[in-house]
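All remarks here apply to the structure that follows.
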């Protein structure tokens, strides 16, 4: 008959042996050739033109550098653009970075439009108009502030949507 204490120690003994045995197999021994890392293959360096679709390799606003080192099983890309150099670790991140570069370019183009310039001028004029309203009727101005804030955000959201449709900007 096994005592209760011995019965409770058994799982711990199996756990200790289970942890110790695999670690014995991980001990490295000197290589017969004298080279420490001879068991591992050198990581290859890939060519971007061989592994990427043309639209990701080069676009209107970006170019991926040809040399693509690999590290930890991931491709490491360097992207040159007119907005600077960007790094992307992995193919998924490359797709995201290319999309971000295109978005930066669209925003920059949008900021050059007449609609944007008019909105900027209107926004610059708004503080002066607000000061006049506050001086003329301070109590009514404060009471209407929450309502006006909501209307401003709603109006700006609609303007941005309209501008995006006018510019042909759709979902990415």
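Can you tell me which of 51, 79 is modelled with pLDDT under 95, closer than 30 Å to residue 100 by Cβ and surrounded by 11 or more Cβ atoms within 10 Å (Cβ to Cβ)? The unique qualifying residue is 51. Count of the stretch 64-111 residues, restricted to those that are touching a residue at least 12 places away in the same chain (Cβ under 8 Å), under 18 Å from the mean Cα position of the chain (by Cα) and not in a helix (DSSP H, G or I), is 14.
The values are calculated or read from the model by the stated rules, or taken from the named source; none is laboratory data. Quantities reported herein were computed from a predicted structural model and do not represent experimental measurements. We place every Cβ from the backbone using ideal geometry, glycine too, and count neighbours over all the protein chains shown.
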